[in-house]
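See structure below.
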Amino acid sequence: MLTLPPSKLPQVGTTIFTVMSRLAAECGAINLSQGFPDFDPPSRLLDLVTEKMRAGINQYAPMSGWPALLEAVAGKVRDLYGCVVDPQSAVTITSGATEALFCAVHAVVRPGDEVILLEPAYDSYQPAVELAGGRTVRVPLLRPGFGVDWDRVRTAVTARTRLLIVNSPHNPTGAVFAPSDLDALEDVLRDNDVLVLADEVYEHMVFDGRPHLSLLGRPALADRSFVVSSFGKTYHCTGWKVGYCVAPPALTGEFRKVHQFVQFAVAAPMQAAFAQFLVDCPGHAHALADFYQSKRDRFRDLLAATPLRAVPAAGTYFQLAEYSAVSRLPDVEFARWLTREIGVAAIPVSVFSTAPTEERVVRFCFAKNDATLDAAGARLSQLGVAGGLR
Ligand SMILES: Cc1ncc(COP(=O)(O)O)c(C=O)c1O
């Protein structure tokens, strides 16, 4: 009998996103759990991918990325955030933001290093840190509003801190950074060598006229940060898994040493198509905030007719809802019950935290056709009637 070595990630099972999507399919529930749209990418982008394949762009792309796409990303961060970078040495195209997050962590985190996470936190950060031999130090976000407790972050920094991971707009809470957050972050980093990994995959989904405050817009932060984004989120094609990382050349050099052995190169026709689409159709990204804001508002109006209480959501395509008027069940059980009995799947928010929580909050994804949202709203409006206080 073969004896397997102990698991390197003993706490990790199947992610809640897979579990809830599977349960939704089994129950015929409307799936507002996992974060992906139920509508297509722009048809011009689909045509471009086919055109690029037909034009023979089907072999390995360059390791760092399709040159025209590197240029397009550099142009975008210059135009939006005033950040001038050399596309050849500061931009890398990755297999989704997930790969970029993994490579950034592995580029700099060594055994014994500490990495500060703000909790609740997206689920891929912790395993990446653990596989690199690092240790996560968690700082809870403040309630209500899920702002960052910068004093606690400052206290959490030690001589062993290698990296601080931030995420704005924030999954799962929808909170976004204000200028004061970037001021505080600059202040926290002033007298140390702590690096930053900024997960900005929802950069084009900031609502109510507010701008997205990228770390790339602050030279003092850009100089020590990996800034990660995702074409999947912006262009409604999460299944293509294309993202990117912008970082100063010294950090990018280390990042690419990992990337070239994790992924080597990203799907060439998709990269060539994005390169052209970004230049030909910049309006898509610019219109995204309005597009998702109207979906947010529609979904919040639907929730207003239910006993669920929508938490303010300034960005992302997620809406948190507090359910204590409906049930006393812990959120994991409530999410399962909601899927089975009411026919709407959501994600329990406690899975984004390691600390136990008494909060009664679930996360819905509103990146859905209006008809899907309306149908979910109709089912959720049954809550008061069908659910009772459990
Ligand atoms: C905060 C956050 N970061 C990263 C990702 C991963 O992005 P990608 O699909 O491009 O790998 C997601 C996807 O849900 C996310 O919500």
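The values are calculated or read from the model by the stated rules, or taken from the named source; none is laboratory data. Note that the structure is a prediction, hence the values are computed from the model and not measured. FYI the Cβ positions are ideal-geometry reconstructions off the backbone, even for glycines, and counts take in every protein chain you see. Please note that ligands, DNA and RNA were not included when accessible areas were found on the heavy atoms of the full protein model with its side chains. Shrake-Rupley method; radii C 1.70, N 1.55, O 1.52, S 1.80 Å.
Annotations
- Here Asp47 and Val262 are evaluated by their C-beta separation; at R0 = 35 Å the FRET efficiency comes out at 0.70.
- Segment 1-141, relative contact order in percent, only Cα pairs under 8 angstrom and at least six apart counted: 17 percent
- If you plug the beta carbon distance of Thr15 and Ser324 into 1/(1 + (r/R0)^6) with R0 = 30 Å, you get a FRET efficiency near 0.70.
- Taking segment 255-390 and dividing mean pair separation by its residue count, relative contact order in percent (alpha carbons under 8 Å, at least six apart): 27 percent
- Spin-label pair Asp290-Arg340: with each label point 7 Å from Cα along the Cα-Cβ axis, the two points sit 4.5 nm from one another.
- Backbone phi angles across segment 212-219, fed through the Karplus curve with coefficients 6.51, -1.76 and 1.60 (θ = phi - 60°), yield HN-Hα couplings of 7, 9, 6, 5, 5, x, 10, x Hz in residue order; Gly and Pro are listed as x.
- Label-point separation in nm, Asp38 to Glu186, each point 7 Å along Cα→Cβ: 4.5 nm
- For trypsin sites (Lys or Arg not before Pro), the sites in segment 127-211 that DSSP calls loop and that have at most 10 other Cβ atoms within 10 Å are Arg190.
- Probe 1.4 Å, protein heavy atoms only - accessible area per residue of the chain in square angstrom: 42 Å²
- Rolling a 1.4 angstrom probe over segment 1-103 with all protein chains present gives an accessible area of which 57% lies on carbon and sulfur atoms.
- Efficiency of FRET between Arg300 and Asp151 - r from beta-carbon atoms, R0 41 angstrom, step 0.05: 0.80
- Average silhouette area of the chain, convex hull of alpha-carbon atoms, in square nanometres: 20.5 nm²
- Range in the chain, longest, excluding exposed chymotrypsin sites (Phe, Trp or Tyr not before Pro) [loop by DSSP; at most 14 other beta-carbon atoms within 10 Å]: 61-263
- Residue-averaged [θ]222 nm for the chain, counting only DSSP H segments that reach four residues, each worth -39500 (n - 2.57): -12000 deg cm²/dmol
- Cα centroid separation, segment 336-386 to segment 17-32 (Å): 11 Å
- Label-to-label distance, nm, for residues given as Asn369 and Cys281 (7 Å Cα→Cβ offset): 1.8 nm
- Here the dipole of the chain is about 660 debye; that uses its Cα centre as origin and unit charges on the Cβ of Lys and Arg (positive) and Asp and Glu (negative).
- Full extension of the chain between Ala220 and Ala25 gives 65.5 nm of extra length, using 0.36 nm per residue less the Cα-Cα distance.
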